[in-house]
Structures are given as C-alpha cells and as structure tokens.
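Okay, structure first, notes after.
Read the figures in this text as sums done on the coordinates, not as results from a lab. Since we're looking at a predicted model, the values are computed, not measured. Positions of Cβ are backbone-derived with ideal geometry, glycine not excepted, and every protein chain shown enters the neighbour counts.
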Amino acid sequence: MTLAIMVQGTASDVGKSVLVAGLCRIFHQDGLRCAPFKSQNMALNSGITHDGKEMGRAQIFQAEAAGIEPDVRMNPVLLKPTSDRKAQVVLMGNVASDMDAQRYHQFKPRLKAQVQAVYRSLAGEQDVMVLEGAGSPAEINLRDRDIVNMGMAELAECPVILVADIDRGGVFAAIYGTLALLQDHERWRVKGVIINKFRGDVALLQPGLEQIEALTGVPVIGVMPWLDIDLEDEDGVAIQRGKYHGVARQSLEIAVLKLPHISNFTDFNPLAAQPDVRVRYISHPGELDGADLVILPGSKNTLGDLQWLRQSGMAAALVEWHTAGGALFGICGGYQMLGQQINDEVESGLGVLPGLGLLDTTTTFAHDKVTVRTRASVLPGMLGDAGGHPVSGYEIHMGTTLLAAGTRPLLALEDGGEDGALSGDGRVAGCYLHGIFDNTRFTRALLDTLRQRKGLGPWQGEIVDYRQWKSQQFDLLAAAMRQHIDIKTVYQIMQQHQEPDQ
C-alpha cells in the first residue's frame with residue numbers, strides 16, 4: 001500500500017514547497033520510492049520534462065530531492081498568470097487555453113476526475129507520496145470546487161500536516177483560525193502542525209505550543225528554525241519581499257531586471273551560488289550603477305514588460321548603459337526584448353512594438369508553444385572569451401526569432417540548428433535556453449571574463465558545481481528536518497491513517 005502525507009499551509013509562502021522537498025529527501029534517504037504531487041500550481045517558474053511537457057519548477061526540484069526524474073503527473077494543472085485577472089492554463093504539460101478567474105473556477109469540477117486518475121497512476125508506482133497544497137485550506141470562498149487543498153486530500157484519502165510561518169507574525173492566530181474555518185471532516189484530517197522559520201530560543205515558544213495544542217487538539221510535531229539553505233523559491237514572492245536585498249557585495253555584481261511578469265527567475269540561482277558573485281534584482285535606472293552584467297529575464301507578458309521598461313525609464317537607461325560599455329544578457333522574453341521588433345498578436349495582443357534595438361533580431365509570436373530540452377555549444381564571441389563550452393537546458397516560448405543577415409548566433413544546437421544572437425561588439429547576447437547558468441564550465445568562463453573586464457584575475461577559490469550544490473542543500477534540509485521535526489510521528493501518521501466511515 002502506498003503511504004501518503006499532505007503538507008498544507010496557513011497562507012502562501014509559509015514554506016510548504018521546501019518542506020515537501022525535505023520530506024522527499026528523507027524518504028529517499030530511507031530507501032523508499034517517493035514522489036511529490038501538487039494537483040494545481042500557480043507560478044511563472046516552470047520547467048520541461050524529458051518528453052517535452054511543462055510543469056512547475058517547485059515539483060521539479062522536489063523530484064530532484066526524491067532522486068527521480070520529473071514527471072508531468074506530479075503537477076497536472078499549472079496556471080501561469082499573464083495579467084492580474086487572467087492566466088494560461090497548462091493541463092498535463094500542454095497549453096489548454098487562457099482563462100480568467102471566474103471561468104477557471106467554473107471549469108475546475110471538470111478536472112476533478114482527471115486529477116484523481118493522474119494521482120492514482122503516479123501513486124501506484126511509489127512507496128510514499130508527498131502532496132502539497134496551495135495557499136490555505138481556509139479559503140472558504142473556494143472550498144466548494146477545491147482540487148488542491150482539502151478537496152485533494154479527500155481524493156487522495158490522505159492525512160494533512162499544517163504549516164505556519166512564525167516569521168510573518170501572528171502564528172498562533174493563523175493556526176487557530178485556519179483550523180476553526182475547516183469543516184469537521186476536514187479538521188479531522190489535520191494530524192499535526194509544523195511552525196516554520198523560527199528565530200530564537202524555542203523554550204520561549206513552549207507556553208504557546210502547549211496552549212495551541214490544548215485549544216485545537218492538534219499536536220505541534222516540529223518547530224523549524226530559519227534556515228540559511230540555498231533552495232529554489234516557487235514564485236516571485238521571495239523577490240517582492242526582498243529576500244535577495246541583504247546579500248553582501250562581492251567581486252562581481254550581476255543585476256537582474258525585476259520585470260512585473262518575471263518568469264523562471266530560478267535561472268539565476270546558479271550565479272548567486274558562486275562565491276564571488278552578488279545577484280541583485282533591480283527596477284530603477286539608478287540601480288544599474290556598479291553592475292558588471294545586466295540580465296533581462298524571461299517574462300509571461302513580454303510586450304507588457306517591454307512597455308514597463310519604457311515607462312519606467314529602464315529602456316533608455318539600458319541603451320545608455322550599453323553605449324557606455326555595459327554588458328547585457330537576455331533569456332527567453334528578455335532575449336526577445338533586446339531585438340529590433342516584436343510582433344505579438346497572441347499573448348498580449350499588443351501587435352508590433354520596437355524592442356531595445358541592441359540585437360539585430362525580429363520576433364514573431366505563434367500560438368504553438370515550444371517546450372523542449374536542449375543541448376548546445378556556446379559559440380565564440382561573447383564578451384570575447386566565454387564561448388566554446390557545452391550547455392544544456394530547456395526552452396519554453398511562443399515566439400520565433402529571426403536573425404538579420406550577418407548577425408551571429410550564440411548557440412550551436414546539438415540537432416544542427418542555432419539559437420540566440422550576439423551583438424557585433426560581443427557585449428550583448430541572448431538565447432531561449434533556460435538553465436544555461438546551471439552549466440558550470442560556461443558559467444565560470446563567463447564570470448572570469450567579467451572579472452577580466454574589471455581588472456581582476458580568474459577566480460582562484462572553490463568553483464561551485466550547481467547540480468552538486470543543490471544535492472548538498474537537500475541533504476542539509478533533510479538533516480535539519482530530522483533534528484527539529486518528529487519524523488517518526490510523520491511515519492506513524494501515514495501508517496495509522498484510516499478514512500472515517502461515510
């Protein structure tokens with residue numbers, strides 16, 4: 001029989017995704033076949049499976065923690081917001097349609113049977129399933145059609161652990177209020193509480209733990225400290241709350257534009273992991289000062305974000321910054337923005353807009369989305385000395401970019417094609433390859449070229465292989481969870497769970 005546990009939260013960004021990854025790592029270390037599952041994920045961070053299906057990055061890094069290949073069944077529904085009121089709906093890795101919130105809410109009941117079948121298919125191959133909720137189960141306005149919190153727990157017939165974030169304040173009210181708003185049969189499923197992101201002496205918390213257990217009848221099975229562990233964030237909330245603002249200055253400064261619809265910002269975690277690099281997110285022209293490289297990231301609304309660049313003054317500042325000798329790199333939507341022109345009658349419907357004009361390219365959007373894993377080699381010419389290295393990653397885009405005659409591509413693809421573009425001076429480059437900085441040899445060559453440009457020698461210290469680095473972070477997370485959470489009780493919750501009589 002497959003064991004299962006579901007991690008739900010009192011709110012978004014309480015740490016559910018990280019704790020699910022930690023449980024996956026623990027079960028993997030214990031010799032069990034384990035898989036993560038999130039029926040519905042709303043995020044602009046996504047990745048591609050080996051068979052070209054799109055799914056949330058959170059479930060991909062949870063699968064990595066479990067030591068298995070990502071499978072689209074781990075995230076059958078992915079919602080990618082294109083505006084404040086509309087999102088692209090991706091079902092089982094393929095684009096279904098764009099829907100506003102009301103239409104999607106009406107559509108959800110049709111997904112229920114499919115989600116349950118997908119879950120059972122995946123669970124049938126595992127010893128343990130670790131499910132993740134979304135937002136809070138106490139969103140009572142959405143309960144009647146819920147397929148991701150208690151509605152999913154019922155479909156999976158599994159117990160629930162509730163996670164609350166003490167760092168944001170009001171943790172006991174959040175726990176009590178969440179449980180109070182659940183219906184009796186839902187509250188029955190909650191077998192334990194984890195308080196997350198605690199700073200200080202846990203002994204001072206003990207009276208509160210005893211009172212909340214007495215008030216709710218649900219045991220607190222762990223208090224996780226604030227961890228200095230480098231793991232991927234599920235969405236842009238971490239950027240909005242300034243997670244990266246306090247990073248100390250390093251030899252190299254890399255500035256990433258904080259676009260309103262930024263996607264796949266996890267592309268830059270490998271850069272931030274390097275000991276001589278500080279990555280900072282910027283949204284004002286004055287923040288360009290001191291940057292050794294400016295990166296235009298991916299976007300789920302490329303023309304909307306291009307308009308924002310102009311309205312904020314960033315577009316003019318970037319062109320001026322390049323004229324003064326600055327270097328820029330664009331990925332996916334950011335690559336498209338660097339070109340001469342973008343024609344978008346598909347995603348934003350804004351038609352034709354001029355790009356920044358720093359690459360001699362033209363992009364036209366199409367209805368079919370490209371979702372593929374890619375292998376390539378970096379061609380010579382980028383900043384003079386960062387070419388010649390093999391790279392791999394994945395593409396997720398709806399546009400086709402054409403290079404003007406004489407414009408050099410950035411990548412030679414393994415299948416014989418080309419991708420990306422280089423400016424004549426080599427100081428502007430872009431491509432569609434997400435994950436390009438996961439490739440250590442290329443990344444280190446690029447960084448050493450930047451060091452040379454500012455009069456520094458090549459880095460002589462430790463070189464971080466990001467894939468190994470992530471594995472080490474998963475192990476650190478698992479060790480911390482074993483220390484601060486009663487994992488034996490987690491096993492007992494799964495083993496002793498029985499559905500109530502209907």
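Using all alpha carbons of the stretch 422-486, what is the percent of pairwise distances in each 5 Å bin, ordered from the shortest bin to the longest? All Cα pairs considered, the percentages come to 3, 13, 15, 18, 15, 12, 8, 7, 5, 3, 1, 0.
LYS454: which aspartates and glutamates have alpha carbons under 15 Å from its alpha carbon, excluding same-chain residues fewer than 8 sequence positions away? Leaving aside aspartates and glutamates fewer than 8 places away in the same chain, those within reach of LYS454 are GLU253, ASP276, ASP289, ASP292, ASP385. The Rg/Rh ratio for the stretch 329-410, using Cα coordinates for both the radius of gyration and the Kirkwood hydrodynamic radius, is 0.99.
Over the chain, what portion of Cα pair distances is larger than 35 Å, expressed as a whole percent? I get 35 percent for the Cα pairs in the chain exceeding 35 Å. Among MET1, MET152, the order by Cβ neighbours within 10 angstrom, fewest to most, reads MET1, MET152.
Size check on the stretch 16-168: the Cα extents along the three principal axes, sorted descending, read 44, 37, 32 Å. Put simply, the stretch 252-458 fits an ellipsoid with semi-axes of 24, 20, 16 Å; these come from the alpha carbon gyration tensor as the roots of five times its eigenvalues, largest first. Sorting the segments 173-186, 48-61 by their mean number of nearby beta carbons within 10 angstrom, highest to lowest, gives 48-61, 173-186. One decimal place: the segment THR400-SER283 gains 39.4 nm when fully extended, by the rule 0.36 nm per residue minus the C-alpha distance. Net charge of the neighbourhood of VAL223, taken over other residues with C-beta under 13 Å away and scored Lys/Arg +1, Asp/Glu -1, is -4.
Would you tally the net charge around LEU358, using a Cβ to Cβ cut-off of less than 13 Å, leaving LEU358 out, and scoring K and R as +1, D and E as -1? Result for the local shell: -2. Of the residues PRO285, GLN473, THR82, the one whose Cα sits farthest toward the positive end of the charge dipole of the chain, with +1 on the Cβ of Lys and Arg and -1 on the Cβ of Asp and Glu, is PRO285.
Using the number of other C-beta atoms within 10 angstrom as an exposure proxy, rank SER471, SER348, SER299 with the fewest first.
SER471, SER348, SER299
Compute the distance from the alpha-carbon center of the stretch 338-415 to that of the stretch 140-218, in whole Å. First find each Cα centre; the distance between them is then 46 Å.
When HIS261, HIS389, HIS434 are arranged by Cβ crowding within 10 Å, least crowded first, meaning fewest neighbours, the order is HIS389, HIS261, HIS434. Amide H contacts for ALA96 (H built 1.01 Å from N in the peptide plane; partners 5 or more residues away or on another chain; cut-off under 5 Å): VAL89, VAL90, LEU91.
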